[in-house]
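Here's the structure, in structure tokens; my notes come after.
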Amino acid sequence: MDTWILNKIGYDLNDNLDKDSLRKTLDKYQLRKLKENLSYVKGNSTFYKNHLKDISVKDINSFKDFETVPFTSAKNLRDGALRFLCVSQSEISRIVSLNTSGTSGTPKRIYFTEQDQELTIDFFHKGMRCIVKKGDKVLILLPGRASGSVGDLLCSGLERDSVCCFKFGPIKDTNDVAKLIEKEKINCIIGIPIQVLALKREKVDIFNKYVTRVLLSTDYVPQTLINEISSDKCKVFTHYGMTEMGLGGGVECQALDGYHMREADLYFEVINPKTQKKVDDGEYGEIVFTTLTRVGMPLIRYRCGDIGRFISTPCLCGSMLKTMERVSGRIANSVELFDNKYLYMKDLDEVLLRRKEISNYEVSLEKHEFYSIVINLKITKEDFEKLKNNIYNDLCQIPNIGEGVKKGVIRLVLQIASDGIYTGNGTFKRIIKDLR
């Protein structure tokens, strides 16, 4: 990743600078690209001409100055994505529509030129070298049939290193996946966290026999899930990205201690979501990014809604790149229970998914005589009857649930899911449904 990024920013690799000097070189490049991008969008995007009308590019001479630039929100995209375009629609090669999880509102539409998609392919090509090598066989359990989809771009990048790819798509039947793994002797899987967990549990013998590396992406990855899939033989990596970023944002190295970011193409910040001020490295906040090299639909200070932080200590691999801790969920994926006390999906994941009898679940907050947390579990009737009380007690160990139950303001309801629980398609995120 370091070598690839230094090449992209025009650094002469024959110059043997120390890590601090390399970082300063990258910072200088990012600041220059931020200014260039501001000029580009102000001159070509209908939205940004108005949105940035009070910003003078000549006054942006530091990252601190850049913090005066207004944010871009998901609502801005839903209200009129075409106004963001900086090129003719005839130059757009792919359009992705993103529905907000759990709603039927206006979708966000993200537009990419062929040049934009090549940037993503190049990132997948170089970033995946941390995980795979020539001759490996990779099963991609993400959408990949459509040209320009995440699975298609991943395959294009991997094939540049003579890695054999199988674009299978999201899992519908673990039997079909297991047969393919055994037939082709696949040793690496890229997929949706909850689906890969189900595959490991249901086809453990085949999984353990063949799979030595797993890359999880598209949704929050609970530590309990990583612990179960990992083994002495199998390493689990995580990738951070979203469609708005161009799919690729950062990937873990062999140290498995956070993502190294795609810093030649994206500039990242972490802000306090309430004060909207940038926080120091090591502090949690909302992740904000700015595209540096996108042509079709650049985004400036886009608030993506994810919770994360930059790690303040260097990565053990020695990279000059910033390391972002694994994202710990979405700000929107929490609900207030009472008295400014919140319930987070990640807390439920860590408790529920560690039980192998539970392969998935759905959760909603409902209002009856008082608030009810209703959890529909994908579990057999026999296991449910045997474990119901234990699961209930485990959930009450989550401080805000336990306090609410004790005070009598929260009721915890456990049920067996009557229908199949949707496990995602690569863009759908699991959420707490607030039905109050």
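Quick notes on this structure:
- Complete set of residues in the range 82-109 that are modelled with pLDDT of 95 or more and either among the charged types (D, E, K, R) or open to solvent by less than 40 Å² (accessible area, probe 1.4 Å) (or both): R83, F84, L85, C86, V87, E91, I92
- Any hit, the range 341-350, residues being acidic (D, E), open to solvent by 10 Å² or more (accessible area, probe 1.4 Å) and more than 14 Å from the chain's Cα centre (by Cα): yes
- First in the range 349-376 and more than 21 Å from K407 (Cβ to Cβ) and among the charged types (D, E, K, R), second anywhere and open to solvent by less than 40 Å² (accessible area, probe 1.4 Å) and in a strand (DSSP E or B), Cβ under 6 Å, 6 or more apart: E362/N376
- Test for Y259: is it surrounded by 24 or more Cβ atoms within 10 Å (Cβ to Cβ) and among the hydroxyl-bearing types (S, T, Y): yes
- Consider the range 143-169 and keep the residues that are of a type in the set (D, E, K, R) and closer than 22 Å to D219 by Cα. The one that is least open to solvent (accessible area, probe 1.4 Å) is D152.
- If only residues of the range 389-436 that are modelled with pLDDT under 85 and of a type in the set (S, T, N, Q) are counted, the one that is most open to solvent (accessible area, probe 1.4 Å) is S418.
- Some residue of the range 264-277 being β-branched (V, I, T), outside any loop (DSSP other than H, G, I, E, B) and either buried (at least 22 other Cβ atoms within 10 Å of the Cβ) or at pLDDT 95 or above (or both): yes
- Here the condition is being free of Cβ contacts under 8 Å to residues at least 12 places away in the same chain and either buried (at least 18 other Cβ atoms within 10 Å of the Cβ) or not in a helix (DSSP H, G or I) (or both); of K172, K126, it holds for K172 alone.
- Within the range 308-340, being among the charged types (D, E, K, R) and either under 15 Å from the mean Cα position of the chain (by Cα) or at positive phi (or both) holds for R309, E325, R326, R330, D339.
The values are calculated or read from the model by the stated rules, or taken from the named source; none is laboratory data. Here the structure is a predicted model, which means the values were calculated and not measured. Backbone-built Cβ (ideal geometry, glycine too); neighbour counts: all protein chains shown. Please note that ligands, DNA and RNA were not included when accessible areas were found on the heavy atoms of the full protein model with its side chains. Shrake-Rupley method; radii C 1.70, N 1.55, O 1.52, S 1.80 Å.
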